[in-house]
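My structure is below; once you've seen it, I'll send some questions.
No value in this document is a laboratory result; all are computed from the given coordinates. This structure is a prediction, so every number in the text was calculated from the model and none was measured. A quick note on method: Cβ atoms are made from the backbone with ideal geometry, for glycine too, and the neighbour counts reach across all protein chains shown.
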Amino acid sequence: MERQHRVTPTTVATLNDLVAVADYSLMDTLNSDPEGKVDGADHAPRQVFSGHYVPVNPTPIDNPEYVAHSQSLFRELGFADSLAQSSDFVRMFSGDLSRAPEPMRNVGWACGYALSIYGTEFYQQCPFQTGNGYGDGRAISVLEAVINGQRWEMQLKGAGRTPYCRGGDGRAVLRSSVREFLAQEHMHALGVPTSRSLSLYVSKTEQVRRPWYSEGSRLLDPDILISEPVAISTRVAPSFIRVGQLELFSRRARKQEHPQAMEELEKIVLHLIDREYGDVIDQSLTTAEKVVVLAREFRSRLTSLVANWIRVGYCQGNFNSDNCAAGGFTLDYGPFGFCDVFDPQYQPWTGGGHHFAFLNQPVAAERNFHSFCSAVRPLLAGHPDCLRQLEEIQSDFPKVMQAQMEKMWAAKLGLDTFEPALFRELATLMMQTPVDYTMFFRELSSLPDDIEPLKKSFYKSATYAADPEEMDKRWSAWLTHWQSLTRPGTREELSSQMKLINPKFSLREWFVVPAYQQAAAGNYALLRELQDVMTKPYAEQSEDVEKKYYRLKPPELFEVGGSSHYSCSS
């Protein structure tokens, strides 16, 4: 895709400065829904039979108020911090495109996608039972910009109804918007590929009703309806193309649902390559050859991503194909969570099941990769050599995933190579004690001489209390074994290396709850404090910060709905 080179302004201080870098590649090169409306007045649920996107006008929130923006992303983009609170920027990124300066567009776009859960195709989540009504129900992209050679798509979450809203109101509440805003920037600071947070605005007057948990509830499902302020957050990524999107066009091609179905599949795959893999896939290759390289590169990114999730204690919760970015980064922070206690079966979402639990994420990724391979396979018809290569890439996924996991565990433990017996005994001890996942590995990174420092990460449990001397002996034996295997070199070097792998601070849900509760009352101080702490997760911070944010989860917060688990993202 040859596109005009734009010069990025030195500093983007006004919305008018963004005009120079606006570049709408998706709308300019892909197919619009032929039944869509040019003015974007398309907010009722309906079937969308063809086309890559639907023009949709966002629904602005009433009386928007600034909550937060990402200083680090603003710096990367060359945006002045003052821009986040300027009236025209606030207006646009709280959903009102009516006064976007030309040639920026006053209509956004939403995309459809298919759903596969753990590799199985589903249709019933679509209100029409056909798969033609499932997609961006409340996420509307409003801008693509090329800044310093990098393309960014900016998408409003909670921007009102689209044809894919399935009867919902299209709104996001402040609670879930705060969670996503903080999580994206925390994950970026952790070194995990992710969509990014640009800005967050809340309505001072508009509220919606949502099911939620009464205070102290230990029920799995919400037990009350509450009114919550609506918000719009803007998330940013090179693209928002999901595996589920490729699947939608592949299903249509497979069933020959319309004459352009195969052509639309090819166009979305080539567009994905341009947007996410342009630097690694040779433009002179044929489509079939490009697909093979794409599959190999995506496998590499996806296996690395999931190993990184586990490294930092993150569980996606709902890792369907529609929540799997085809660019290989973390997308859609709905029912996610960072584990406190190490538990292979940790799953923050009550509707997620064990197949999306913490240490089952590598297998869930494999299922999504199978869905991806099935989606691109029709483009290899008549190319038996390319088809054979794709099948090899797919069948080798478990081997590549295992290698990434072993490399990650070795790095967390400060070892040159993975030691299976050492790791198995550690996992057993961590579950039997049990231990705080983040704190344990951070304490280990200080290379303790005995197990006393590690006990900072130990939760009191009946198992441990039953025979503390025996457990101490086992821990001491494990520590001695580990010490005998660590990398040669100075203790300071090894400790520093491990502390760059094992974060000190983790975005635990029980930190986020009071932040969004106070934000709902108009007090953003705690939210901004948390943003500051969690964007420096590897750093040794002040004594006050350590006391507040480097500690075990209080016993009274275990099993509490909305803190330990939740049934929806809202």
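What whole number of Å gives the distance from the Cα centroid of the range 177-217 to the Cα centroid of the range 269-292?
Between the Cα centre of the range 269-292 and that of the range 177-217, the gap is 34 Å.
OK, next. Take the Cβ-Cβ distance between Ser300 and Ala13 as r, set R0 to 35 Å, and report the resulting FRET efficiency rounded to the nearest 0.05.
Here the calculated transfer efficiency is 0.35.
Hey, which lysines would be in cross-link range of Lys255, C-alpha to C-alpha under 29 Å, not counting anything within fewer than 8 residues on its own chain?
The qualifying lysines are Lys37, Lys267, Lys290.
What order do you get for 396-408, 288-300 when each peptide is scored by the mean count of other beta carbon atoms within 10 Å, highest first? All intermediate terms of the calculation are to be shown ahead of the outcome.
Details: 396-408: 16.4, 288-300: 20.5.
My ranking of the peptides, most packed first, is 288-300, 396-408.
Then there is this: Considering Cα pairs under 8 angstrom that are at least six residues apart, work out the relative contact order of the range 153-218 and quote it in whole percent.
Worked out over the range 153-218, it gives 21 percent.
To continue, here is another question. Whole number please: convex hull volume per residue, Cα atoms of the range 430-555, in Å³. Walk me through the numbers on the way to the answer.
Details: hull volume 14.1 nm³, N = 126.
Measuring per residue, one finds 112 Å³ for the Cα hull of the range 430-555.
A further question follows. If contacts are Cα pairs under 8 angstrom and at least 6 residues apart, what is the relative contact order of the range 15-241 in percent?
It rounds to 23 percent for the range 15-241.
Once you have the Cα-Cα distance between Lys456 and Ser72, take 0.36 nm times their residue separation minus that, and quote the gain in nm to one decimal.
Working: separation 384, 0.36 × 384 = 138.24 nm, distance 3.22 nm.
Computed gain between Lys456 and Ser72 is 135.0 nm.
Among the lysines, which fall within straight-line cross-link reach of Lys407, defined as a Cα-Cα distance under 22 Å, with same-chain neighbours fewer than 8 residues apart omitted?
Straight-distance partners of Lys407: Lys399, Lys499, Lys504.
For the range 15-241, just run the numbers: alpha carbon Rg, then divide by 2.2 N^0.38 Å, N being how many residues it has.
Dividing the Cα Rg of the range 15-241 by 2.2 N^0.38 Å gives 1.02.
With point charges of +1 on the Cβ of Lys and Arg and -1 on the Cβ of Asp and Glu, referenced to the Cα centre of the range 15-241, which listed residue (Gly131, Ile224, Ile147) lies farthest in the positive direction of the dipole?
Ile224
Next question. What's the whole-number percent of alpha carbon pairs in the range 415-499 lying beyond 22 angstrom?
Details: 783 of 3570 pairs.
Percent of Cα pairs beyond 22 Å in the range 415-499: 22.
Still on this model: Roughly speaking, what is the centre-to-centre gap between the range 325-351 and the range 96-162 when only Cα atoms are used, to the nearest Å?
After rounding, the separation between the Cα centres reads 22 Å.
Using the Karplus curve 6.51 cos²θ - 1.76 cosθ + 1.60 with θ = phi - 60°, work out ³J(HN,Hα) for each residue of the range 137-149 in order, rounded to whole Hz, and write x for Gly and Pro.
The phi angles translate into x, 9, 10, 10, 6, 10, 7, 10, 9, 9, 10, 6, x Hz.
Let me have the 222 nm mean residue ellipticity of the chain computed from DSSP H runs of 4+ only, each contributing -39500 (n - 2.57), with the sum over all residues rounded to the nearest 500.
Details: 19 runs with 219 residues, N = 570.
That calculation yields -12000 deg cm²/dmol at 222 nm.
Could you work out the relative contact order of the range 116-196, using alpha carbon pairs under 8 angstrom and six or more residues apart, expressed as a whole percent?
With pairs under 8 Å counted, the relative contact order is 20 percent.
For the range 97-104, take each phi angle, set θ = phi - 60°, evaluate the Karplus expression 6.51 cos²θ - 1.76 cosθ + 1.60, and give the result in whole Hz per residue in order, putting x for glycine and proline.
Karplus-based 3J(HN,Hα) across the range 97-104 equals 8, 4, 10, 4, x, 5, x, 4 Hz.
Could you point to the residue in Asn320, Ala365, Phe298 farthest towards the positive end of the range 295-372's charge dipole, with +1 and -1 charges on the Cβ of Lys/Arg and Asp/Glu respectively?
Towards the positive end, the residue furthest out is Phe298.
Taking 7 Å along the Cα-to-C-beta vector as the label spot, tell me the Glu556-Glu529 distance in nanometres, rounded to one decimal.
Using points 7 Å along Cα→Cβ, the separation is 1.8 nm.
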